[in-house]
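Engineer: My structure is below; once you've seen it, I'll send some questions.
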Amino acid sequence: MRNMQAKSFRFTRNSAAWLCATLFFAGCIRATAGQEPVLQQQGFVLALMLCTFGVLFFTFARVATALVVSGGLFLALNFLSVLKLRYLDSPLMPSDFVYYMRSSLLETLGHYPHLFALSMGVIVLVPLGLWLVWRGDRRLLTGLSPRKAFAVRVGGAVLCGLAFWVCLQPAGPFAKVHAKDVWQKLSDDAQLTNFFINFHDSDVTLPAMTGDAMAEQEWSATAHGEPAAVQPPYPDIVQVLEESTFDPSNYTACNIPECRVRLFKPDEHTLSHGPLRVHTFGGGTWVSEFAALTGMPQDIFGPGGMYAPYVLSPHVRDSLPQQLQRLGYLTVAIYPTNGAFLNGRNAYKAYGFDQFYDAKELGLTEWDETDTQMFDAAKRVYDKVRKPGQPVFMMILTLAQHGPHDMDPLSTLPAPFNRGLLKGLPGKQALNLNTYLSNLHNSDVAMSGLEKNFLDRPDPTVIVHFGDHQPSFGGLIRDMPRTWPTALQPYKHYLTYYMIKSNVAGRHMPSYPMLDIAHLPNMVLQAAGVPMDPYFSAATVLRTRCNGLYSDCIDQDLVKSYHAWTFNHLHVYEE
């Protein structure tokens, strides 16, 4: 009788555990897969959850435990995604568990005490909950011999793991889910989908290289660097990344005076200017930041290069701000968003910045700043941090031209951009270009003010400004005819502009038919006349021999030997 009661109690306990675990798992599906915006994305996350359940079921041989742990894992991922997006303005990525948690988790929790308390509660309650589930669960496969049970459990776990792996393949059953551009993966609402499809995109590979002997033969002459062309004190350097900015006069339809602004015109201060070859289109400002600061285009690292602030920045061992730091510069970043957006603060620290000011610290409304507001804030910071005898390198990012450019009707634009200035353009293209031109004129006025503040003074100064990428105009810009020379037509979607100016008399620099953005750092050092270390000395030689090009250099063997020299000998990037 007692045995029957014990079995009945055990059955009831097991049934209750399975029922509760099933309800919990269903709730996790609703809270995770059910929150993805597209049906295919929901199916993708659900398939991964079921595969995970399968792996854990065969591992533990316990139904309730596998349901709770697999559902809990996805619920935790979703919870972390929501928290990171809410408090840090960026999506959860696989690399966070390597770079972010290793470098800044405790610091971040320190800024949010309630999150720290929540974390402590999770550390205590989760193990307790799992112990209770384990106690109430019943182990299966006990009727099989130990050898058969082991074979079934290992085989089942491997098959479910293999199914999970297949789901993650870009060419697998969820290929349409994987077919998203980088900006969508970093900005849309499919948070769990984006987390999992970023596994492959964060893979980093080093570029092709020659042997070390050939590299040394080619580049050993640069091993001692280049001496300064000027005597200390070295000039201040102000570098401005102009979001989504390009010269519109290269577009056939942009043939009115409003298309030709001072921003792109050389004057008595100009040392070098021209088309800038960038490595992203329509978005991806962060990779242009990476190239303009490190001297390396992100695409030489494979798909993972598009996530430079996360996966590349921690491995950078030489850069423009690092070289300037070694020369005694104070390096300062002026940032238009929350400093945690796309890992900005951590990335800039890795690039070599002493100080970092985001929108909140500058007293600005992030994403809504005009160029004038950004430059005024930068000048306030400069006046605060400058010290006698110490030069300053200041990197300023703007957002005034950030798309989309068709959100407001034409009539809402200021005159003369509120009417049909551009003839022969379809309505949507005209609206985008008119909005762009209106913003461009504001940027032009702001840049004139910045140049007046820094160039119309006795203190030696270099000002650099450049466009990070073209806007997409909702994809319409690709079909708008341009007047680039034949040699530049293949790069027409990847051309912006650069301008380097100085108030130091007697300085001279070359200009190029097309300058790769990765050469901007060595151009800045040359404009300032400061010493170059072996890395930037080699980069300058590459720029000279490739006529301003980098990845597109006609001598690919030279590029491969340059990579062997800078990666293997100078160790500018270490995995």
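Engineer: When only alpha-carbon atoms count, how far does segment 266-328 stretch along each of its three principal axes, as whole angstroms with the largest first?
Structural biologist: Each principal axis gives a Cα extent; for segment 266-328 these are 42, 35, 16 Å.
Engineer: Cα centroid distance between segment 302-340 and segment 246-265, in Å?
Structural biologist: 32
Engineer: Please name which of Ala163, Gly211, Gln231 has its Cα lying farthest along the dipole of segment 157-266 towards the positive end, using unit charges on Cβ (Lys, Arg +1; Asp, Glu -1) and the Cα centre as origin.
Structural biologist: Ala163
Engineer: Continuing with this model, one more query. If you add up the charges near Asp552, with Lys and Arg at +1 and Asp and Glu at -1, over every other residue whose beta carbon is less than 15 angstrom from its beta carbon, what do you get?
Structural biologist: Once all neighbours under 15 Å are counted, the net charge is +1.
Engineer: Between Ser145 and Thr205, what length in nm is gained on full extension when 0.36 nm per residue of separation is reduced by their alpha carbon distance?
Structural biologist: So the chain would gain 16.9 nm between Ser145 and Thr205.
Engineer: If you take the beta carbon distance between Ser15 and Asp555 as r and set R0 to 56 Å, what does 1/(1 + (r/R0)^6) give as a FRET efficiency, to the nearest 0.05?
Structural biologist: 0.15
Engineer: Considering amide H positions built from the backbone, and no H for Pro or chain starts, which residues 5 or more places from Gly274, or on another chain, come under 5 Å of its amide H?
Structural biologist: Excluding prolines and chain starts, which carry no amide H, the hits are Tyr498.
Engineer: When Cys20, Cys546 are ordered from fewest to most other Cβ atoms inside 10 Å of their Cβ, what list results?
Structural biologist: Ascending Cβ contact count within 10 Å gives the list Cys20, Cys546.
Engineer: Here's another thing I want to ask about it. Going down the table (Lys379/Lys501; Lys265/Lys452; Lys180/Lys360; Lys360/Lys501), which pairs top 22 Å between alpha carbons?
Structural biologist: Beyond 22 Å: Lys180/Lys360; Lys360/Lys501.
Engineer: By the scheme Lys and Arg +1, Asp and Glu -1, what is the net charge of all other residues having a beta-carbon under 11 Å from that of Trp484? Walk me through the numbers before you get to the answer.
Structural biologist: Numbers: positive: Arg482, Lys492; negative: Asp247.
Result for the local shell: +1.
Engineer: Still on this structure: If you bin every alpha carbon distance in the chain into 10 Å steps from zero, what whole percent lands in each bin?
Structural biologist: 3, 15, 23, 22, 16, 10, 6, 3, 1, 0, 0
Engineer: May I pose another question? For Thr486 and Arg380, compute 0.36 nm times the residue count separating them, minus their Cα-Cα distance, and round to one decimal in nm.
Structural biologist: Numbers: separation 106, 0.36 × 106 = 38.16 nm, distance 4.48 nm.
Result for the pair: 33.7 nm of gain on full extension.
Engineer: A further question follows. Taking θ = phi - 60°, what integer Hz values does the Karplus form 6.51 cos²θ - 1.76 cosθ + 1.60 yield along segment 356-371, in sequence order, with x for Gly and Pro?
Structural biologist: Values per residue, Gly and Pro as x: 9, 10, 9, 4, 5, 5, 8, x, 10, 8, 4, 6, 10, 6, 7, 4 Hz.
Engineer: Could you tell me which of Pro388, Trp286, Ser511 has its Cα farthest along the dipole of segment 236-569 towards the positive end, charges placed at Cβ (Lys, Arg +1; Asp, Glu -1), taken about the Cα centre?
Structural biologist: My answer, from the dipole projection, is Ser511.
Engineer: Now, a different point. Relative to the longest principal Cα axis of the chain, at what angle does helix 146-167 sit, 0 to 90 degrees, rounded to 10?
Structural biologist: The angle comes out near 30 degrees.
Engineer: Provide Tyr307, Tyr382 in ascending order of the number of other Cβ atoms located within 10 Å of each residue's Cβ, fewest first.
Structural biologist: Arranged by neighbour count, lowest to highest, Tyr307, Tyr382 become Tyr382, Tyr307.
Engineer: Here's something else I'd like to know. Tell me the Kirkwood radius of segment 225-382: reciprocal of the mean inverse pair distance over distinct alpha-carbon atoms, in Å.
Structural biologist: Values: mean 1/r = 0.0565 Å⁻¹.
Averaging 1/r across every pair of different Cα atoms and inverting gives 17.7 Å.
Engineer: Now for a different question. Excluding same-chain residues fewer than 8 positions from Lys176, which lysines have a Cα within less than 29 Å of its Cα?
Structural biologist: Straight-distance partners of Lys176: Lys84, Lys185, Lys428, Lys492.
Engineer: Arranged by the count of other C-beta atoms within 10 angstrom, fewest first, what order do Met407, Met394 take?
Structural biologist: Working: Met407 9, Met394 26.
Taking fewest neighbouring Cβ atoms as first place, the list is Met407, Met394.
Engineer: Between the helical axis of 534-545 and the dominant principal axis of the chain, each derived from Cα atoms, what acute angle in degrees is found, rounded to the nearest 10?
Structural biologist: Compared with the principal axis, the helix lies near 60 degrees.
Engineer: Net charge around His493, counting only other residues with Cβ within less than 12 Å of its Cβ (Lys, Arg = +1; Asp, Glu = -1)?
Structural biologist: +3
Engineer: Shifting gears a bit: Over all distinct Cα pairs, what is the inverse of the mean 1/r for segment 236-569, reported as the Kirkwood hydrodynamic radius in Å?
Structural biologist: Working: mean 1/r = 0.0494 Å⁻¹.
Kirkwood hydrodynamic radius for segment 236-569: 20.2 Å.
Engineer: Once you measure Cβ to Cβ distances between cysteines in the chain, which Cys have no partner under 4.7 Å?
Structural biologist: Singleton cysteines: Cys20, Cys28, Cys51, Cys160, Cys167.
Read the figures in this text as sums done on the coordinates, not as results from a lab. Since the model is a prediction, treat every value here as computed from it, not as a measurement. FYI the Cβ positions are ideal-geometry reconstructions off the backbone, even for glycines, and counts take in every protein chain you see.
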